[in-house]
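Asker: Quick one: the structure is below, and I'll ask about it shortly.
The values are calculated or read from the model by the stated rules, or taken from the named source; none is laboratory data. The model shown is predicted, which means the values in this text are computed figures rather than measured ones. Every residue, glycine as well, gets a Cβ built from its backbone with ideal geometry; the counts of neighbours run over all protein chains shown. Just the protein is used for accessible areas: all its heavy atoms, side chains included, with ligands, DNA and RNA removed. Shrake-Rupley method; radii C 1.70, N 1.55, O 1.52, S 1.80 Å.
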Amino acid sequence: GIHRPLEQRKSAPDRPRHGHTALPPMPHEYRRGVIYKTASPRLFFTTHESDDETARFINDFPAIFFFSSSAPESYKSFCDDNGPVDIAEVISFCRQCHDRIQKPQLSRRPLVFYTYDDPDCVTNAVLILCAYLILYENME
């Protein structure tokens with residue numbers, strides 16, 4: 001899997017496994033800057049504090065394809081709630097994610113979906129990632 005806290009990136013070498021970049025095991029608690037695996041062998045998730053942190057990740061891990069979407073941030077609150085995002089956003093994200101996974105140019109690269117390290121964004125990102133896994137990869 002792909003999991004390495006931000007502060008460990010430069011010190012631990014990448015080791016190829018099944019044609020992908022392998023990193024140290026994932027921690028047992030959520031932390032910003034850690035890349036978490038999903039049930040899909042090529043799809044991962046992380047959160048970043050800022051665009052600068054995202055740029056550092058992209059620069060430090062050139063073998064990984066990082067991508068994002070406005071879906072986790074797109075929810076229009078009815079009161080003081082934070083989601084979930086509407087079904088049109090969920091479907092749009094699922095299609096975009098599937099297109100990236102199917103793209104031949106990305107076939108040997110892990111794909112890491114990232115969002116801002118904001119509780120509402122993280123919650124909605126996990127929801128849309130799970131929707132993708134259920135709808136497109138037939139996970140239960």
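Asker: Can you go through Asp99, Asp86 and tell me which one is at pLDDT below 85, farther than 25 Å from Arg31 by Cα and of a type in the set (D, E, K, R)?
Answerer: Going through Asp99, Asp86 in turn, the sole match is Asp86.
Asker: Hey, among the residues in region 98-140 that are part of a helix (DSSP H, G or I) and without any contact (Cβ under 8 Å) to a residue 12 or more places away in the chain, which one's least open to solvent (accessible area, probe 1.4 Å)?
Answerer: Cys130
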